[in-house]
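A quick write-up on the structure given underneath.
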Amino acid sequence: MATARSYQPDALIAADIDAYLAEQANKSLLRFLTCGSVDDGKSTLIGRMLYDARTVFDDQLSQLEADSRRVGTQGQNLDFALLVDGLSAEREQGITIDVAYRFFATARRKFIVADTPGHEQYTRNMVTGASTADLAVILVDARKGVLTQTRRHGFLVNLLGIRRIVLAVNKMDLIGWDRAAYDRIVADFAAFGRSIGMAEAVAIPMAALGGDNIAARSDHTPWFAGPTLIEHLETVEIDADSDAARPFAMPVQWVNRPNLDFRGFSGLITAGTVRPGDRIRTVPSGRVSHVERIVTLDGDLEEAVAGQSVTLTLADEIDCSRGDVIAAADSPPEVADQFATTLVWMDDEPLQPGRGYWLKSGATSATASVRAPDHAIDVNTLAELPAKALGLNDIGVVEIHLDRPIPFAPYAESRDLGGFILVDKLTNKTVAAGMISRALRRSRNVHWQAIEITREAHAAQKHQTPRLLWFTGLSGSGKSTIANLVEKRLHMLGKHSFLLDGDNIRHGLNRDLGFSDADRVENIRRVGEVARLMTDAGLIVLTAFISPFRAERELVRGLLPEGEFVEIFIDTPLEVAEARDTKGLYAKARAGEIANFTGISSPYEPPEHPDIRIDTTRMSPEDAAELIVDRVIGAWTPVI
Amino acid sequence: MPHLTHLDRLEAESIHILREVAAEAERPVMLYSIGKDSAVMLHLARKAFFPAPPPFPLLHVDTTWKFRAMYELRDRAAAAAGMELLVWKNPEAEARGINPFDHGSLHTDLWKTEGLKQALDHYRFDAAFGGARRDEEKSRAKERVFSFRTAQHRWDPKAQRPELWRLYNARKAKGESIRVFPLSNWTELDIWQYIAREGIEIVPLYFAAPRPTVERDGLILMVDDDRFRLAPGEVPVERSIRFRTLGCYPLTGAVESEAATLSEVVQEMLLTTTSERQGRAIDHDAAASMEKKKVEGYF
């Protein structure tokens, strides 16, 4: 076993603790991530930094010695990788499976390290770690040089906008500290970096296991004039400091209103500086005011900078709420509702173009409709690939449309106003990370045309409350039959209605769509939008579509005011519908002549809590129609 | 231009997290354990919402076996913050007289783990702030800031969401809840430095003083009240001690120390060569003990 040096405290601690603490209080903070392929020595490097920074205690060191003997991969030497292993599952597998955050400090800085694995399938983790990092350390095994995986790491780091990059050429001891080999690796990486427009990397030859050029300069590299890794990390510029030089911007997270005399706007300043008296503009409203006070528990501030969480009060009572941005009056962020973006897909369930997702950016959330990808990017070859959807760890260039305009900046200018996540409306999972490239339709000064004839006015004229009666069920369940009967009864009652079904939609508006899952989603989305317009016009709309996916039905429900969407489940068991087979479709599907046939080769997700359920095995179509009309009219609230 | 130190940036990040949860959760609550980390978290909450009081209550999941000095500070700190203090004592543990002397690990399970679940269910809280830090233990290094729990309070490592930039996804289904850790990126030294910088009041037990003690299984325990069961012939010995962490007094080991001020405590901490959690009897399990406890719903 090599000599173990555990935590050795700074001499000043014993001599003058107050002086030491004063010195420590002025440290800055750098966040960085490490990325490398399996066996590049990434965990070893991090373990070594923790060890050199004296953050390993006696008890941890004795544990490490014991673990190194038991499961270590370094023979009689300390296996530093074991210092940073976490969850028991991965300890057994011997690999890192997620992003882990480590902490250490030197005399000048505190560091937060995002430790991310290098396996191909974990693009998601690397992107997560990179999103908060000021700097990236890309590890290369000196014996192997720049690999496909190295290029992938470089591409992702660049995609996430990291401008400070270290190329750590590790395991130099295993190639006899060969300078020519090192220079070749550095040149290879630089050529690759130029090809993708990446910032220039600072290259360092090292042996993490022995600590060469980590904290201490190595005797083996007299030819290397650059800094050690720790020296570089201690002195490199931090993003927050360059953010302070940009125009002021603060997304409003929280409106602080303890009483009628105080209205403060709270948020984390993402760029610039702010002082009382500064002219500001709130976005999207565009209203201008002045900063009155910067309020904190410790008294008002004279000035606040990027990176601080503050509460501002304004000189005028202007409308401003969560999700708005308070910005320098002369350079506010733009506002738009359609964007060209790059998405990194992070969920097992692939992207379904047309499906509804929440987009969260800054403190804003909006409903996003994601179009089919323009193309995907192969992270290994950087080739553009045609793609219809995106699966886990795929990266694609995708157009996104929102239900309302939001403040934004291109990601290259601002991580805070240009980065976003997508959340699946049904599962609530974070399914993608996205970066805004540009707006597709500027709406800086565009407001919705004020419509004076409101939907209420349309409905009032017809003496009815708009409804969307959404019939769902298997093919042959009786949806169209019952919907037709319902519409006839409504008509007799003097109600204004319209029935949308496969005949009038599939042959016209949706003629371009087939029956793949993605096309089915788009079909329902369009039907939902048309139905919404018709309810805006005051109509009672009936739709008769199989609409097999719960998420799409919920999406349509979300388009309408609460209570207007009435989900009617025509519940006919598959064997009954198939026995009826009014159009002969089941027979064809069983014979394999129809692909993606619901119930046979494509799933049907029955409603969990339909507003109305019709069991057609126990009720005639006429009785069903009467029941539905009773229910709908029964719940009637006359407008007049 | 003000230069932001690491403490400034940690503070800003924590305040940002506290405000996000207040804005997005329906019924948030702050778990308040009366330790130094809780004290820092409460202080940050006051800063985040000043001049209003924090828009959520404090919840203390009481085991009835905390140090007396902790109960004293608890009530005072809640009042000073202008916050409602909810105290939950597991009625089953109370009825069965569960205690650390007779019931071993069942004591922590019932009072703390089960008690926490009961309290969250009872009040229907959907987001609970906790003071855990990633640097406390290896298995915590991967814990998210927003940690999702099923309706049964279970933590599924595979179901945790990626956290990008400063964007936290607080959406969840009915019955599910989130544990939120605003101090994730703080280290023990950061906590001490911040307590010193901000002048935050902490329980006096963190500072050395002569206290009645006995030694059990290598741990120095404080005899805090007459419920402590002394062995026949055992007489408490007065030692100058302090605590590095605070929990149930019969389970919390003290260190012998003369450090009576904050600077001295930090000095002693920096000069010692063992990690923080050694003082807690709960850790003398397998290496992955915390991870197992987390899966079960313990904080």
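Out of the residues in the stretch A:97-115 that are within 7 Å of chain B (Cβ to nearest Cβ) and of a type outside the set (Ser, Thr, Tyr), state the one that is surrounded by the most Cβ atoms within 10 Å (Cβ to Cβ). Please lay out each step first, then the result.
So the first thing to find is which residues in the stretch A:97-115 are within 7 Å of chain B (Cβ to nearest Cβ), and the list is A:98-103, A:110, A:112.
Next cut, of a type outside the set (Ser, Thr, Tyr) only: A:98-100, A:102-103, A:110, A:112.
Working: A:Asp98: 23, A:Val99: 25, A:Ala100: 27, A:Arg102: 22, A:Phe103: 21, A:Lys110: 24, A:Ile112: 23.
Out of the qualifying residues, it is A:Ala100.
Name the single residue, out of those in the stretch A:259-270 being over 27 Å from the mean Cα position of the chain (by Cα) and closer than 27 Å to A:Lys360 by Cβ, that is nearest to the other protein chains (Cβ to nearest Cβ).
Ranking the qualifying residues of the stretch A:259-270, first place goes to A:Gly264.
Can you list the strands (runs of 3 or more DSSP E) found entirely within the stretch A:540-618 that contain at least 3 residues being touching a helix residue (DSSP H, G or I) at 6+ places or on another chain (Cβ under 9 Å) and buried (at least 19 other Cβ atoms within 10 Å of the Cβ)? Quick ask: steps written out before the conclusion?
On the way: elements: A:540-544, A:565-571, A:612-615.
Strands (runs of 3 or more DSSP E) meeting the threshold: A:540-544, A:565-571.
For (1) under 27 Å from A:Gly307 (Cβ atoms); (2) out of contact with any helix residue (DSSP H, G or I) (no Cβ under 7 Å at 6 or more places or on another chain); (3) modelled with pLDDT of 85 or more; (4) not aromatic (Phe, Trp, Tyr), each residue gets a yes or a no:
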residue: A:Arg415; (1), (2), (3), (4): yes, yes, yes, yes
residue: A:Gly418; (1), (2), (3), (4): yes, yes, yes, yes
residue: A:Ser437; (1), (2), (3), (4): yes, yes, yes, yes
residue: A:Gln449; (1), (2), (3), (4): no, yes, no, yes
residue: A:Arg455; (1), (2), (3), (4): no, no, no, yes
residue: A:Ser475; (1), (2), (3), (4): no, no, yes, yes
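Does B:Phe101 count as touching a residue at least 40 places away in the same chain (Cβ under 8 Å) and surrounded by fewer than 22 Cβ atoms within 10 Å (Cβ to Cβ)?
Yes; evaluated as a whole, the condition is true for this residue.
Restricting attention to the stretch A:484-500, does a residue exist that is under 31 Å from the mean Cα position of the chain (by Cα) and in the same structural domain as A:Arg590 (by TED's automatic domain parsing)? Steps first, please.
Quick first cut of the stretch A:484-500, residues under 31 Å from the mean Cα position of the chain (by Cα) only: none.
No, the stretch A:484-500 has no match at all.
Taking the condition of being at pLDDT 90 or above, out of contact with any Gly (no Cβ under 6 Å at 6 or more places or on another chain) and part of a loop (DSSP other than H, G, I, E, B), how many residues in the stretch A:352-373 meet it?
Within the stretch A:352-373, residues that are at pLDDT 90 or above, out of contact with any Gly (no Cβ under 6 Å at 6 or more places or on another chain) and part of a loop (DSSP other than H, G, I, E, B) number 1.
Looking at the stretch A:341-373 only, could you name the residues that are farther than 13 Å from A:Phe420 by Cα and not aliphatic (A, V, I, L, M)?
Within the stretch A:341-373, A:Asp347, A:Asp348, A:Glu349, A:Pro350, A:Gln352, A:Pro353, A:Gly354, A:Arg355, A:Gly356, A:Ser369, A:Arg371, A:Pro373 qualify.
Consider the stretch A:564-595. How many of its residues are in contact with a strand residue (DSSP E or B) (Cβ under 9 Å, 6 or more places away or on another chain) and among the polar types (S, T, N, Q)?
The number of residues fulfilling the criteria is 1.
Specify which of the listed residues (A:Leu513, A:Leu468, A:Leu485) is in contact with an Asp or Glu (Cβ under 7 Å, 6 or more places away or on another chain) and free of Cβ contacts under 8 Å to residues at least 40 places away in the same chain.
A:Leu513
Looking only at the stretch A:374-406, count every residue that is on the phi < 0 side of the Ramachandran plot, outside any strand (DSSP E or B) and of a type outside the set (D, E, K, R) and tell me the total.
Looking only at the stretch A:374-406, we keep the residues that are on the phi < 0 side of the Ramachandran plot, and these are A:374-381, A:383-392, A:394-406.
Narrowing the set further to residues that are outside any strand (DSSP E or B) leaves A:374, A:378-381, A:383, A:386-392, A:394.
Applying the additional criterion that residues be of a type outside the set (D, E, K, R) yields A:379-381, A:383, A:386-387, A:389-392.
Total satisfying the criteria: 10.
Taking the stated definitions as given, is A:Leu499 of a type outside the set (Phe, Trp, Tyr), assigned to a strand (DSSP E or B), in contact with a Leu (Cβ under 8 Å, 6 or more places away or on another chain) and modelled with pLDDT of 80 or more?
Answer is yes for this residue.
Any chance the stretch A:177-184 includes a residue that's surrounded by 17 or more Cβ atoms within 10 Å (Cβ to Cβ) and in contact with a Ser or Thr (Cβ under 9 Å, 6 or more places away or on another chain)?
yes
When you scan the stretch A:271-278, do you find a residue that is facing chain B (nearest Cβ under 9 Å) and in contact (Cβ under 8 Å) with a residue 40 or more places away in the chain, even just one?
Checked the stretch A:271-278: no residue is facing chain B (nearest Cβ under 9 Å) and in contact (Cβ under 8 Å) with a residue 40 or more places away in the chain.
Would you pick out the residues in the stretch A:279-329 that are outside any strand (DSSP E or B), among the basic types (Lys, Arg) and within 14 Å of A:Ser266 (Cβ to Cβ)?
A:Arg322
Give the residues of the stretch A:8-32 that are among the small types (Gly, Ala, Ser), surrounded by 12 or more Cβ atoms within 10 Å (Cβ to Cβ) and modelled with pLDDT under 80, sorted by residue number.
Once the filter is applied, which keeps residues that are among the small types (Gly, Ala, Ser), surrounded by 12 or more Cβ atoms within 10 Å (Cβ to Cβ) and modelled with pLDDT under 80, the stretch A:8-32 yields A:Ala14, A:Ala25.
Have a look at A:Leu297, A:Leu301 and point out the one that is over 30 Å from A:Phe155 (Cβ atoms), in contact with a Phe, Trp or Tyr (Cβ under 9 Å, 6 or more places away or on another chain), within 14 Å of chain B (Cβ to nearest Cβ) and among the aliphatic types (A, V, I, L, M).
A:Leu297
Is at least one residue of the stretch B:76-96 within 14 Å of chain A (Cβ to nearest Cβ) and farther than 27 Å from A:Gly299 by Cα?
No, every residue in the stretch B:76-96 fails to be within 14 Å of chain A (Cβ to nearest Cβ) and farther than 27 Å from A:Gly299 by Cα.
Which is outside any loop (DSSP other than H, G, I, E, B) and without any contact (Cβ under 8 Å) to a residue 24 or more places away in the chain, of A:Leu533, A:Leu490?
One residue alone meets the criteria, A:Leu533.
Go through the stretch B:188-299 and tell me which strands (runs of 3 or more DSSP E), entirely inside it, have 1 or more residues that are under 27 Å from A:Ala11 (Cα atoms) and either touching an Asp or Glu at 6+ places or on another chain (Cβ under 6 Å) or at pLDDT below 85 (or both). Before you say what the answer is, go through the steps one by one.
On the way: elements: B:209-216, B:219-222, B:237-242.
Ranges flagged: B:237-242.
Every residue, every condition in (1) surrounded by fewer than 24 Cβ atoms within 10 Å (Cβ to Cβ); (2) assigned to a helix (DSSP H, G or I), yes or no:
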site	(1), (2)
B:Glu26	yes, no
B:Met30	no, no
B:Met41	no, yes
B:Ala45	no, yes
B:Pro53	yes, no
B:Phe56	yes, no
B:Glu72	yes, yes
B:Ala77	yes, yes
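Tally up the residues in the stretch B:183-209 that are over 24 Å from B:Pro100 (Cα atoms) and away from every other protein chain (no Cβ under 14 Å), please. First the steps, then the outcome.
First pass over the stretch B:183-209, keeping only residues over 24 Å from B:Pro100 (Cα atoms): B:183-202, B:207-209.
With the extra rule that they be away from every other protein chain (no Cβ under 14 Å), the set shrinks to B:201-202, B:207-209.
Summing the residues that are over 24 Å from B:Pro100 (Cα atoms) and away from every other protein chain (no Cβ under 14 Å) in the stretch B:183-209 gives 5.
All but one of (1) touching a Ser or Thr at 6+ places or on another chain (Cβ under 8 Å); (2) outside any helix (DSSP H, G or I) hold for B:Ile98, so report the exception by its number.
(1)
The values are calculated or read from the model by the stated rules, or taken from the named source; none is laboratory data. If you're wondering where the values come from, they're calculated on a predicted model, not measured in any experiment. We place every Cβ from the backbone using ideal geometry, glycine too, and count neighbours over all the protein chains shown.
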